[in-house]
Amino acid sequence: LNSYELGTSLSLDFPRLILPWKDSGLQRSRYPQKTSFKVYGNLLNRARFFNMLSFGGNVTYEFRKSRTWKHTVTPFNLTFNTLISTTEKFDSITAVNPSLALSLGDQFIPSMNYTFTYDNARLKKDYQLWWENSITSAGNVTSLLYAALGKSFSEKNKKLLGTPFAQFLKLTSEVRTLFKVGEKQHIAARFMGGVLWSYGNQTIAPYSEQFYIGGANSLRAFTVRSIGPGTYNPGQNTKYGYLDQTGDIKLEANVEYRFPIFGELYGATFLDAGNVWLMRKDENRQGGEFTLKNFVKSIALNTGVGVRYDLTFLVIRLDMGIALHVPYETGKSGYYNIPKFKDGLGLHFAIGYPF
């Protein structure tokens, strides 16, 4: 209860595309368009460890070429991350974890992003399909400017305004489906994956960009950021334990059966699976890198049940996840390797559907 995250933003939106050129086909489209100018700030408090401040701004364009396809282009986004306070315990951990220290260090994230989304909800079919793909490039334009000034594109320790900047490529894809199987009965499913590759100026991705898993909208038998990477278990070596278990690769799958109980009260049963992995081997996180040999073993799995109260404008949700398999050694043989049943229970109170 001592950990929290607070954020605020100010956005100026225009219901058209504001471009440096005129009379383009996109500007004459009959579908909705939007240009957004945004500034934002975020404060993250990790109890007993640190306070991180992130702030920045971006310019984003949204437009459609049809009823089902939406394109989002962010040609400019600049974020600055800085630790405003740390504890002695945190400092002792980062002293032996250079990767963690780099990911949480002061740095700029100059990036651009392109996202395209398919959504057939407007077609009013018996099934809904939502598919979103995104690519983010960070630090490359800045590195090109360095190259234009005679420095190597791949040179390390380049700085922007005296502070290192991140350089990475991030790809994500997520598919969600919703099938009607009876009166007020649905089967919902989601599959998502992502890859994050850091190179050049910084070979460790910023903390805010790394993938994590677990929590009320993910693997619901586990708390957020408590699984992975791979088969790594920080409980086996607390000296080198990480504050949060994050990775460069993410795979997750969820399926959920939703049914009415009475009135506006609904029930659900679900199955969640997934994990995060590292792209590079890390001696401090043994078993964290992605390998086909340990892929099946490294997938965490849980089932569970939940209840939801639909207020039309708001859905109140209570889910209980039941762990079936964790990716690390627990001392118990077999696929169901949860030492004690109660240790594999997770309870989550949330607002809205998980997906």
**Request:** Normalise the Debye intensity by I(0) for segment 237-355, one equal point scatterer per Cα, no solvent, then take log10 at q = 0.12, 0.15 Å⁻¹ and round to two decimals.
**Result:** -0.57, -0.81
**Request:** Quote the FRET efficiency, to the nearest 0.05, computed for Ala147 versus Leu169 with a Förster distance R0 of 22 Å and r equal to the Cβ-Cβ distance.
**Result:** 0.80
**Fill in**
Evaluated at 4 °C and 1.567 mPa s, the Stokes-Einstein D of segment 107-149 based on the Kirkwood radius over Cα pairs, in µm²/s, stands at 98
**Complete:** Listed by chain and number, the aspartates and glutamates with an alpha carbon less than 20 angstrom from that of Lys89, same-chain partners under 8 positions apart left out, are Asp106, Asp244
**Asked** Counting only protein heavy atoms, what percent of the accessible surface of the chain is carbon or sulfur at a 1.4 Å probe?
**Response** 61
**Request:** Could you list the trypsin sites (Lys or Arg not before Pro) in segment 166-230 that lie in coil according to DSSP, counting only those with at most 13 other Cβ atoms within 10 Å of their Cβ?
**Result:** Lys184
**Message:** Please state the shape class of the chain: rounded when a/c is under 1.5, otherwise prolate if a/b exceeds b/c and oblate if not, all from the C-alpha gyration tensor.
**Reply:** oblate
**Asked** When all protein chains stay in place, what accessible area (Å², nearest 10, 1.4 Å probe) is found for Ile322?
**Response** 40
**Message:** If the reach is capped at under 20 angstrom between alpha carbons, list the aspartates and glutamates near Lys184, excluding any in the same chain fewer than eight residues apart.
**Reply:** Asp126, Glu256, Glu264, Asp310, Asp319
**Values of log10 I(q)/I(0), in the order q = 0.16, 0.27 Å⁻¹, for segment 128-197 under a Debye, Cα-only, solvent-free model** = -0.68, -1.12
**Item:** Alpha-carbon Rg with Dmax, taken over segment 2-116, Å
**Value:** 19.2, 59
**Request:** Check cross-link reach from Lys250 to the lysines: straight Cα distance under 21 Å, and skip same-chain residues fewer than eight apart.
**Result:** Lys170, Lys281, Lys293, Lys297
**Prompt:** segment 37-71: which trypsin sites (Lys or Arg not before Pro) are DSSP loop and have at most 16 other beta-carbon atoms within 10 angstrom?
**Reply:** Arg48, Lys65, Arg67
**Whole-number accessible area per residue in Å² for the chain, which is evaluated in the context of all protein chains at 1.4 Å** = 53
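The values are calculated or read from the model by the stated rules, or taken from the named source; none is laboratory data. This structure is a prediction, so every number in the text was calculated from the model and none was measured. Glycine gets a Cβ as well: all are built from the backbone with ideal geometry, and neighbour counts include every protein chain shown. Note: accessible area is taken over every heavy atom of the protein model, side chains too, but ligands, DNA and RNA are not part of it. Shrake-Rupley method; radii C 1.70, N 1.55, O 1.52, S 1.80 Å.
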